[in-house]
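No value in this document is a laboratory result; all are computed from the given coordinates. Bear in mind that the values here come from a model prediction, so they are computed numbers and not experimental data. We place every Cβ from the backbone using ideal geometry, glycine too, and count neighbours over all the protein chains shown.
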Amino acid sequence: MKLLLAGTIPRDTIDLITGEARIAGGRLYIGDCEVSLMRGTAAMVGAACAVAAFWGDPCPQTVIGGDIGTQTGSRNIYRYLIKNLPAQDVAVLGLHYIIPDIALHNQVCAAVQKMKRRPVLIADAGFMYVAKASGRAPFYDLFLPDLGELAFLADDRAMHPAYTRGFLTTLEEAPEQLLKRAFSTGNAARSVCVKGDIDRVCVGGHIIETIAHPIIEALEPIGGTGDTITGMAAALAAHGCTIVAACRIACTVNRIAGQMAKATPATQISELISHIPAALEEVLKGTAAAP
Amino acid sequence: MGLFKKVFGRFAKDSAATPHQARGLLIYHNVHEVIYAESALKKSGYDSIKVVAPPAQYRTGCDLSIEFSLIEQIGILRILETINLAPMDIVYVDDELMHPTEICQVKDFGDYRMVRAANMKITFDKKSKIIVNISGGGCSDVPYLASQMIGKSVFDAPSPREKGFTLCAYTLAIAFEEAQKQAHLP
């Protein structure tokens, strides 16, 4: 099934590139354009490529805008999606790093509604922020926040994680309460995968799965470990997994990949991505470390 | 001065607050301009200004504005006009506005120390003071800032206040500044 991933990369020499993504020789390519396999959209796409290649699935299609914060690439992505989505047949649509713009976001939602087949909608990073800020969170099938972002979803007044009030100091102690609050105020997608020391997969405000092993504490400071979960979950959903299964497998594979990479807080995300195929194989064999 | 008349006129007509209590908001097109304006005003001694969320009609999803005391408006505008950072609008406010979080949490990882502010995390080597990772965030300048900062000392790395454009960059700056303080600790 077709997987489409959209987000920005930090290159101000690129306006917009679209096309098939693939990893070759440890390098990420979008069409013929080599992209640094770093935190953010590139890590998400790289992880999705690794999973798709493992199954022999088609490579993910991508819409990539170059943006170092000036909004140009972000706006190019919004406009591309608004114009082109209605005519596309996409099974899973993953939306990632972007500068929030509520008006343009709402036009993307309108474009999705015009599609013949509604894709599974996955939002993380900036696209999750703007989905919540616009009041359209329940339109989405899956959000993937970390604990700090969960506090943002739970704060019905916050327009961006920077404005999150209170409960930031007790994040580890109260994720269940934050989840309930996010769902009850309409600020969560139908499913939410909360990434943390314990990963939690939730549907309708209820925790369905928890993933706590193996414990790899060093994953928290490594930039991109959330992005790889998002990319893997999207690719697994496109392969045919349910959202809950996709999240469970993705979270477990991330931990195993960290274990295989002997991750430290100084490890870079490209090292983890190189271990995804072996980690996925181990998880699917059921030989991954059990609690 | 046109903006001043507009706002002061509204203040005089609508508010029962004294000029000392009354507050205005400097509205900008983007967070980048706010970060520069805030820095310039604080350097000029306007320590009572605060960055806050703008009113709903100005929000796009990644916004920041500057709250100030109306009594200081003339001086503030003079400084901003001198550096070509005059706001796109000024509005009078009487509601409590949301402030970006300034709470930081510190987590020890043996040889490394991580500082988190809201959704942003920065980690450095305790011995060398080198930034080894930046994590979190969702705005498009975060990967760019990470590429500029990782591998550099917390004392030499460019500040997200100078290089960033978004609220994630603003939050990363808060974590970065706390990391600089933490780097002095054993």
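Kindly identify segment B:38-128 as rounded, prolate or oblate by the Cα gyration tensor criterion: order the square roots of the eigenvalues as a ≥ b ≥ c, call it rounded if a/c is under 1.5, otherwise compare a/b with b/c, prolate if a/b is larger, else oblate. It is prolate, given that a/c is not under 1.5 and a/b is the larger ratio.
Would you kindly calculate the translational diffusion coefficient of segment A:203-291, applying Stokes-Einstein with the Kirkwood radius from alpha carbon pairs, for 37 °C and a viscosity of 0.692 mPa s, and quote it in µm² s⁻¹ without decimals? Could the numbers behind the result be given before it?
Working: Rh = 13.1 Å.
Rounded to a whole number, D works out at 250 µm²/s.
Partner shielding of A:27-39 amounts to 1, given as the average count of beta-carbon atoms from other chains within 10 Å of each residue beta-carbon. Please identify the cysteines of chain A that lack any partner cysteine with a Cβ under 4.7 Å from their own Cβ. A:C33, A:C49, A:C59, A:C109, A:C202, A:C241, A:C251 - these cysteines have no disulfide-compatible partner (Cβ-Cβ under 4.7 Å) in chain A. From its DSSP helices (H runs of at least four residues, each -39,500 (n - 2.57)), the protein assembly as shown gives a residue-normalised ellipticity at 222 nm of -11500 deg cm²/dmol.
Test of the criteria: in segment A:29-116, which trypsin sites (Lys or Arg not before Pro) are in a DSSP loop and have at most 14 other Cβ atoms within 10 angstrom of their Cβ?
Values: sites: A:R39, A:R75, A:R79, A:K83, A:K114, A:K116; in loops: A:R39, A:K114, A:K116.
Taking segment A:29-116 and a limit of 14 other Cβ atoms within 10 Å, the loop trypsin sites (Lys or Arg not before Pro) found are A:K114, A:K116.
Only Cα sites of chain A enter the Debye sum here, all with the same form factor; the resulting log10 I(q)/I(0) across q = 0.09 1/Å is -0.37, listed in q order. Which of rounded, prolate, oblate describes segment A:1-132, given a ≥ b ≥ c as roots of the alpha-carbon gyration tensor eigenvalues and a/c under 1.5 marking rounded, otherwise prolate only if a/b is larger than b/c? Cα axes put segment A:1-132 in the oblate bin. For segment A:120-244, the alpha-carbon radius of gyration amounts to 0.97 times the rule-of-thumb value 2.2 N^0.38 Å expected for a compact globular protein. Mean separation of Cα pairs under 8 Å and 6 or more residues apart, divided by the residue count, gives chain A a relative contact order of 19 percent.
Just the number, please: percent antiparallel of the DSSP beta bridges in the protein assembly as shown, rounded to the nearest 5. Bridges in the protein assembly as shown that DSSP calls antiparallel: roughly 75 percent.
The Cα-based radius of gyration of chain B, divided by its Kirkwood radius, gives an Rg/Rh of 1.04.
Taking R0 as 22 Å, what FRET efficiency do you get between A:D15 and A:Q107 from their Cβ-Cβ distance, rounded to the nearest 0.05?
Values: r = 19 Å, r/R0 = 0.88.
Given R0 = 22 Å and the Cβ-Cβ separation, E is 0.70.
For segment B:104-182, the normalised intensity computed at q = 0.11, 0.24, 0.26 Å⁻¹ comes to -0.21, -1.08, -1.27 (log10 of I(q)/I(0), Debye sum over alpha carbons, equal scatterers, no solvent).
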